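The values are calculated or read from the model by the stated rules, or taken from the named source; none is laboratory data. Because the structure is predicted, anything quoted here is derived from the model rather than measured. Ideal geometry is used to build each Cβ from the backbone, glycine not excepted, and the neighbour counts take in all protein chains shown. Ligands, DNA and RNA are stripped out before the accessible areas are found, and what is left, the full protein with its side chains, is counted by its heavy atoms. Shrake-Rupley method; radii C 1.70, N 1.55, O 1.52, S 1.80 Å.
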2 protein chains.
Amino acid sequence: VQHPRSTLWWSSQRDVFILDQTRLPFSIDTVPLCSAEDAARAIETMQVRGAPLIGITAAFGLALQARHQADDASLQRAAETLAHTRPTAINLRWALARVMRAVEAVSTEERAERAWQQAVLMHDEEILHCARIGEHGGALIADIARNKRSRVHVLTHCNAGWLATLRWGTALAPIYHAHQQGIDVHVWVDETRPRNQGAQLTAWELQQAGVACTIVVDNAGGHLMQHGEVDLVIVGSDRTTRTGDVCNKIGTYLKALAAKDNDVPFYAALPSSTIDWSLCDGVREIPIEERDANEVHFVAGEHGPARVTPIDSIAANYAFDVTPARLVTGIITERGVHAATEHSLALAYPEFAHG
Amino acid sequence: VQHPRSTLWWSSQRDVFILDQTRLPFSIDTVPLCSAEDAARAIETMQVRGAPLIGITAAFGLALQARHQADDASLQRAAETLAHTRPTAINLRWALARVMRAVEAVSTEERAERAWQQAVLMHDEEILHCARIGEHGGALIADIARNKRSRVHVLTHCNAGWLATLRWGTALAPIYHAHQQGIDVHVWVDETRPRNQGAQLTAWELQQAGVACTIVVDNAGGHLMQHGEVDLVIVGSDRTTRTGDVCNKIGTYLKALAAKDNDVPFYAALPSSTIDWSLCDGVREIPIEERDANEVHFVAGEHGPARVTPIDSIAANYAFDVTPARLVTGIITERGVHAATEHSLALAYPEFAHG
């Protein structure tokens, strides 16, 4: 097994592997995926996470199922199992629908090959989309650097880097792009409780890439913005409505409010696979996953989980929140930077908007 | 040593003891304070914390010093040592000034007794003030309960309960008062990273008192408010300006923004010892303590500190932020519920406002 430079890869024999993200940064382990069930388990246990990566992992899960048994019932069952792993990220449903459409068009014998090729195509597309997001968002950072003539400070929440995708990332792609162009960029990394994806994944990624970064608790962003320490906020998204409401990791909404209150631009970076064209009102319509309370009770540390709450205490664990479009300065996709409005997104994606 | 039902107490021989709050809820230990240095160390290491309690602990520290050596130079030195332990909580400076004024009025021989009596007086006053805050704030909760005719949900950040004071607390006093009156009240307890005073102190306190509560990560409050799950927010304060800007645990500002955005009333509860009558602009003028980055790198768990960030990563640790008065619905003090304006606070405290 090769050393991971990606989050999901395959051998020439088409054995699929993922990087186990539950143990990062303390241990770098790879896990083979041999079936749709393996893929579903990897998504459910968050060995893979991040909306774009979840989608591609599900696509490969369905391709693995097609290799084993390619009749309609078998594929439908596998697609349902995969779809039920996590409720919020729309990319999961989008990816499964695309693979299903591809295989339904061909005979049972051709489906294994067809599903595999579709998954690989989507994998390649997603990388390309992230690279484009990097270019479009990188231009925003370059603009600020030109005007400011000193270090640009970006705040990000959760992990929307290459670990959440396949390469580059969404929210981090513009940062990597700017860094590669020699722009002096520094990232405030929100810890991102309860699972600490900021402290444990984003900080690790940026450190590896040589990008300056400072971890802060999720509580700190407002204070930093009040004191002019943040030039822009960039986050990813797990589902964005056609009207520009951005669902992302719990706590994103609080940062968007602080950005608005301090005139700091707030951007969401996402591939179009994250846009749910059927939804209009994010706060009312996007299902918010409620996860195991033990993610709050126990913190994942270097030496395993450590209890941080009193015995017998009760905790609730909402995984995402929705930032209303009125708080979003712009949405960065593979096609450019758009206003967070139905009109602007429809102009950029006429084929979906009028679909 | 008696089992602590308070945060600071003394024997008939005037030996002073505190509850060590750094190990709660996993271990209940008491620590003797024999000198001003002991008191300074207890404040600095956060064995005692919470603005009102810090003030009273400093007062007893100075009283212990007066018992050892009561000349001006010795007391000045001790007062300076105590004042330098923590920069943000104004109660510390207020308490030291009051004891100094009391001892300066009498001869060196009388100072030990005078300082002790002053500290005890302030201790008793602070308890009375917290009880009054409970009554005034409890009436707000009772009003909501009457209108709503179902469970009242209060969100609080950090710990401003009896552990932060001597009894009752500030933000929690209204909750205890309402609970004792039979009102069905439930508390959303913000975890409060990095030191987890919510998860480890507030949840423990409320649990002991039989008040229903649910721990959530600091990121969750906005989502809860968007979905009508919070009827009011009550927090404490470490320093409040005469204009009503509220400095409190880092992250409070983000909750105030979310409260405003969702029409949820946001109250700060504080004894008048927390008001800094000399300050006008909280964001610009209140010094914000920056603490050791290891509080972010290591989480205090049941079995000691657990590292949660990558090795060699950098973290910053701002301990407080300032919520501008425009986001504060009201300030609850021992004298009532006041608008967060210079006019309203001056009406309630004419002796300080015109001092």
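Checked against the criterion of being away from chain B (no Cβ under 11 Å), open to solvent by less than 10 Å² (accessible area, probe 1.4 Å) and under 25 Å from A:Thr341 (Cα atoms), segment A:204-213 has no qualifying residue. Is it the case that B:Glu295 is among the charged types (D, E, K, R) and open to solvent by less than 40 Å² (accessible area, probe 1.4 Å)? Taking the combined requirement at face value, the residue satisfies it. Evaluated against (1) within 14 Å of another protein chain (Cβ to nearest Cβ); (2) under 24 Å from the mean Cα position of the chain (by Cα); (3) within 26 Å of B:Thr85 (Cβ to Cβ), B:Glu334 falls short on exactly one condition, (1). Somewhere in segment B:153-163, is a residue in a helix (DSSP H, G or I), under 13 Å from B:Leu206 (Cβ atoms) and open to solvent by 30 Å² or more (accessible area, probe 1.4 Å)? Checked against the condition, which is being in a helix (DSSP H, G or I), under 13 Å from B:Leu206 (Cβ atoms) and open to solvent by 30 Å² or more (accessible area, probe 1.4 Å), segment B:153-163 yields no hits at all.
Note on segment B:183-203: residues that are within 9 Å of chain A (Cβ to nearest Cβ), crowded, with 24+ Cβ neighbours inside 10 Å and over 14 Å from B:Met46 (Cβ atoms) amount to 6. Restricting segment B:289-314 to residues that are assigned to a loop (DSSP other than H, G, I, E, B) and of a type in the set (Asp, Glu), the residue that is modelled with the lowest pLDDT is B:Glu302.
A quick yes/no check of all residues on (1) small (Gly, Ala, Ser); (2) over 23 Å from B:Gly134 (Cα atoms):
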position: B:Thr240; (1), (2): no, no
position: B:Val246; (1), (2): no, no
position: B:Tyr267; (1), (2): no, no
position: B:Asp281; (1), (2): no, yes
position: B:Glu290; (1), (2): no, yes
position: B:Pro305; (1), (2): no, yes
position: B:Pro310; (1), (2): no, yes
position: B:Ala316; (1), (2): yes, yes
position: B:Arg335; (1), (2): no, no
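For first residues located in segment A:94-107 and closer than 15 Å to A:Asp72 by Cβ, partners that are crowded, with 21+ Cβ neighbours inside 10 Å and not hydrophobic (A, V, I, L, M, F, W, C) and lie 6+ apart or on another chain with Cβ distances below 8 Å form the pairs A:Val99/A:Gln118; A:Ala102/A:Gln118; A:Val103/A:Arg111; A:Val103/A:Gln118.
Take A:Glu302 and decide whether it is farther than 18 Å from A:Thr243 by Cα and either out of contact with any Leu (no Cβ under 9 Å at 6 or more places or on another chain) or facing chain B (nearest Cβ under 10 Å) (or both). Spell out how you get there, then give the answer.
Details: farther than 18 Å from A:Thr243 by Cα: yes; either out of contact with any Leu (no Cβ under 9 Å at 6 or more places or on another chain) or facing chain B (nearest Cβ under 10 Å) (or both): yes.
It is true that A:Glu302 is farther than 18 Å from A:Thr243 by Cα and either out of contact with any Leu (no Cβ under 9 Å at 6 or more places or on another chain) or facing chain B (nearest Cβ under 10 Å) (or both).
Here is a check on your reading of the model: is A:Thr57 closer than 25 Å to A:Trp277 by Cβ, in a helix (DSSP H, G or I) and of a type outside the set (Lys, Arg)? When the stated conditions are applied, A:Thr57 passes them.
Would you say B:Ala66 is over 18 Å from B:Trp116 (Cα atoms), crowded, with 24+ Cβ neighbours inside 10 Å and more than 14 Å from chain A (Cβ to nearest Cβ)? Against the criterion (over 18 Å from B:Trp116 (Cα atoms), crowded, with 24+ Cβ neighbours inside 10 Å and more than 14 Å from chain A (Cβ to nearest Cβ)), B:Ala66 does not qualify.
Among the candidates A:Glu302, A:Glu351, A:Glu285, the residue that is surrounded by fewer than 24 Cβ atoms within 10 Å (Cβ to Cβ), touching a Lys or Arg at 6+ places or on another chain (Cβ under 8 Å) and among the acidic types (Asp, Glu) is uniquely A:Glu302. Residue count for segment A:11-33 under the criterion of being under 23 Å from A:Ala112 (Cβ atoms) and either of a type in the set (A, V, I, L, M) or free of Cβ contacts under 8 Å to residues at least 12 places away in the same chain (or both): the result is 7. Reported count of residues in segment B:37-54, each being in a loop (DSSP other than H, G, I, E, B) and open to solvent by less than 60 Å² (accessible area, probe 1.4 Å), is 5. Under the condition of being more than 9 Å from chain B (Cβ to nearest Cβ) and buried (at least 24 other Cβ atoms within 10 Å of the Cβ), the residues counted in segment A:231-255 number 14.
Is it the case that A:His227 is in contact with an Asp or Glu (Cβ under 7 Å, 6 or more places away or on another chain) and facing chain B (nearest Cβ under 9 Å)? Full working, then the answer.
Values: in contact with an Asp or Glu (Cβ under 7 Å, 6 or more places away or on another chain): no; facing chain B (nearest Cβ under 9 Å): yes.
So A:His227 fails the test.
So, of the residues in segment B:214-224 that are in contact with a helix residue (DSSP H, G or I) (Cβ under 8 Å, 6 or more places away or on another chain) and part of a helix (DSSP H, G or I), which turns out to be farthest from the other protein chains (Cβ to nearest Cβ)? Among those that are in contact with a helix residue (DSSP H, G or I) (Cβ under 8 Å, 6 or more places away or on another chain) and part of a helix (DSSP H, G or I), it is B:Gly221. Take the residues of segment A:78-110 that are charged (D, E, K, R) and more than 28 Å from A:Ala164 (Cβ to Cβ): which is surrounded by the fewest Cβ atoms within 10 Å (Cβ to Cβ)? Applying the filter and picking the extreme gives A:Glu109. In the set B:Ala340, B:Ala319, B:Ala325, B:Ala346, only one residue is out of contact with any Asp or Glu (no Cβ under 7 Å at 6 or more places or on another chain) and either closer than 30 Å to A:Val189 by Cα or open to solvent by less than 20 Å² (accessible area, probe 1.4 Å) (or both); that residue is B:Ala340. Count of segment A:76-99 residues, restricted to those that are among the hydroxyl-bearing types (Ser, Thr, Tyr) and assigned to a helix (DSSP H, G or I), is 1.
Scanning segment B:258-272 for residues that are surrounded by 24 or more Cβ atoms within 10 Å (Cβ to Cβ), part of a helix (DSSP H, G or I) and touching a helix residue (DSSP H, G or I) at 6+ places or on another chain (Cβ under 6 Å) returns a single hit, B:Ala258.
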